[in-house]
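Here is the structure we will look at, set down as structure tokens.
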Amino acid sequence: MFFKTDRQSPTQAGQPFPIGPTCIDGGVNFSIFSRNARKVELLFFQCPNDTGPSRTISLDPFTNRTYHYWHVFVPGIQPGQLYAYRVDGLHDPAKGHRFNPESILLDPYAKAISFPKDRKKGTIPLKSVVCDLSRFNWEDDQNPRRSFGQTVIYEMHVSGFTKHPNSGVAPPRRGTYAGLIEKIPYLVDLGITTLELLPVFQFDDAPREDGRRNYWGYDPISFFALHQQYSSNSDPQGAIDEFRTMVKALHKAGIEVILDVVYNHTGEGGEHGPTYSFRGIDNSIYYTLQKDKTKYANFSGTGNTLNANHAIVRRMIVDSLHYWVQEMHVDGFRFDLAAILSRDENGNPIENPPVLWEIESDPVLAGTKLIAEAWDAAGLYQVGTFVGDSWKEWNGKFRDDVRCFLRGDNDMVRSFVTRMVGSPDLYENDEREPEQSVNFVTCHDGFTLNDLVTFNNKHNDANGEENQDGSNYNFSWNCGVEGPSDNPGIEALRKRQIRNFFAATLLAVGTPMLLMGDEVRRTQRGNNNAYCQDNEISWFDWDLVKKNQDLFRFVQQLIRLRLMRDTAQMKYSLSLRELLQQRLIAWHGVRLNEPDWSGNSHAIAFTVTSLTGHTRVHYMVNAWMEPLDFELEEHPTMPWKRWIDTALPSPKDIVSWEDAPLVTTSSCRLKPYSIVVLIALR
């Protein structure tokens, strides 16, 4: 519901804090920062499709300005009111200023944004919405507060999870926060502990001229407003409540919520991009500019870079994080292209970035999960060297090394083993905990796991860029045929490789992350950059759940047994170095105690003995095209049982301890491209 502003009571000076719109008795206080503005106008609108304001309030630079904050209290304003700003000042791009008194601008601190119906970009201006954040009943909501040692992350697109017509979710809930709630039993059954949601900050998803639209959402136009189009409720206030209801329901099921946040750039693009907010409010403050100030630094690869370590921008980022933790109850954040946050206003990397240390040391964020994508689009790569004690990191080296070894590349044994034991080459020296590395083989950006074993090359023709977009370095292997195949041998090998990747990810030391739908072989038809595919290419196909129930079960059992393993180890609270020093690890090849580290080796085995000595686990990996016989150590009081064999059909591929068959031979034959795990308990 939107409220009209027929009542025009006299305004009052207002206060500079809090920044943004604040509902107080009798009206709303508005506050916005602009150091270089000469004039600021607050605009009120009656309807989302209005092109002009119904009321304009000019802010007096003497009465309504404190320092560089422009503020006013307007009596009679209620939640639901549409508003925006016009900001005037010097228009001199050569000096970094792009003020335009005609531009209608969003409030950077607005908690909701109104989109006109059937809007095309650049036609009808967007409006901010006054919201009441106090009315929601959180009841007894409690954050699950899972340690990283008890965390299995599931990366998900909120809309794509239930948008397919076969999802069983009826319109208008299909493809929404409410629709996700209906599928919580599926997530509980799978066993994941933590959802990592692709961006839910408001972005402009108006279709391009070719009809394609922004699907991933990595172009925010606000760091506080929720993406309205993922809500089944057309009222912006209702969308906020729907998101909160989703978080509350996930918490009740024991599942955490992590947001993929984009604080490195905005949807305003480069110098020829649209103006939504920041460019028109104070361009030289919010953005990192080149020496030629008419151009934007582009460390994000999207046209602009946020000036994250400027005091005002830093405050906005921290305030945004506070909002999502305090008002929306989220449990953590994954920072897109986080290395950009370590650059100064000139784009140079700095040793102790203020914004990163402020986030790490902030008491409101204490206990919140912080995960960095520790690189940017300009080549700054900080995996293993990201600042602070609280940050975990996406480990791109795990992805690449595991892919290469399991497809049979030469000279990969040492790299594979290093990734499996927590990447000590990256994290051991800093006394980091074993879960410092977020291990993944697939994520939203790139092939799905099914496509990783089905295609040698990307097939992005549907994106309309002549297959020039997306990475050419996928380290994939089609197992002999490009694309889907009816050949039983190829299909069996692909299934085996998929199980291998899951086993490596979920058995490795670190925090595992899985991609939505990989557990049922979701395919993007070879598209490794489906950023603009808001269709069945990207959506979760729910028919696959029944079709690939055997794979779902394999992943489900792996997660369950991993969490049991980590629960037993939690009481020791060791660093990665201590864990590797105190756990007895014996390395083998096909012969006991004779690991082959040569470049031509494609096999490795290792035995891990628990700190108490009550559990021994023996891992054998054959990444070669022929079967291999691995010698086994005999231990009369602790006989081996076969827990996992990725070459066996379901349900023999993974079994419970009670159902695990005894191994009575002195060797174990592994089929080509397979993993076998034996376990012995005292």
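When the test is whether a residue is over 21 Å from residue 300 (Cβ atoms), among the small types (Gly, Ala, Ser) and either touching a residue at least 40 places away in the same chain (Cβ under 8 Å) or in the same structural domain as residue 48 (by TED's automatic domain parsing) (or both), residue 179 passes it. Residue count for the range 114-143, restricted to those that are touching a Leu at 6+ places or on another chain (Cβ under 9 Å) and part of a loop (DSSP other than H, G, I, E, B): 6. All conditions but one from (1) modelled with pLDDT under 95; (2) part of a loop (DSSP other than H, G, I, E, B) apply to residue 617; the one that does not is (2). Cβ separations smaller than 6 Å between residues 6+ apart or across chains give the following pairs from the range 121-138 residues that are farther than 12 Å from residue 111 by Cβ to residues that are modelled with pLDDT of 95 or more and aromatic (Phe, Trp, Tyr): 127/45.
Residues that are surrounded by fewer than 17 Cβ atoms within 10 Å (Cβ to Cβ) and acidic (Asp, Glu) were ranked within the range 89-108; the one that is farthest from residue 285 (Cα to Cα) is 102.
The single residue among 108, 53 that is in a loop (DSSP other than H, G, I, E, B) and under 15 Å from residue 277 (Cβ atoms) turns out to be 108. Among the residues of the range 221-280, those identified as aliphatic (A, V, I, L, M) and surrounded by fewer than 18 Cβ atoms within 10 Å (Cβ to Cβ) are 249, 253. Of all residues in the range 515-532, those that are in contact (Cβ under 8 Å) with a residue 60 or more places away in the chain, touching a helix residue (DSSP H, G or I) at 6+ places or on another chain (Cβ under 7 Å) and aliphatic (A, V, I, L, M) total 2. Filtered by the rule that a residue be touching an Asp or Glu at 6+ places or on another chain (Cβ under 7 Å) and at positive phi, the range 286-331 gives a lone residue, 329. Of all the residues in the range 56-75, those that are farther than 11 Å from residue 86 by Cα, assigned to a strand (DSSP E or B) and among the hydrophobic types (A, V, I, L, M, F, W, C) number 4.
For the range 1-48, a tally of residues being outside the structural domain of residue 74 (by TED's automatic domain parsing), at pLDDT below 95 and among the small types (Gly, Ala, Ser) returns 1. Say we look at the range 622-679 and pick out the residues that are among the aromatic types (Phe, Trp, Tyr) and in a strand (DSSP E or B); which of these is farthest from residue 497 (Cα to Cα)? If we take residues in the range 622-679 being among the aromatic types (Phe, Trp, Tyr) and in a strand (DSSP E or B), then 630 is farthest from residue 497 (Cα to Cα). For the range 281-294, taking the residues that are of a type in the set (S, T, N, Q) and part of a loop (DSSP other than H, G, I, E, B), the one that is surrounded by the most Cβ atoms within 10 Å (Cβ to Cβ) is identified as 288.
Applying the condition of being surrounded by fewer than 17 Cβ atoms within 10 Å (Cβ to Cβ) and outside any loop (DSSP other than H, G, I, E, B) to the range 10-50 and asking which residue is nearest to the chain's Cα centre (by Cα) yields 24.
The values are calculated or read from the model by the stated rules, or taken from the named source; none is laboratory data. The shown structure was predicted, so the numbers you read here are calculated from the model rather than taken from an experiment. For neighbour counting, all protein chains shown are included, and Cβ atoms are generated from backbone atoms with ideal geometry for every residue, glycine included.
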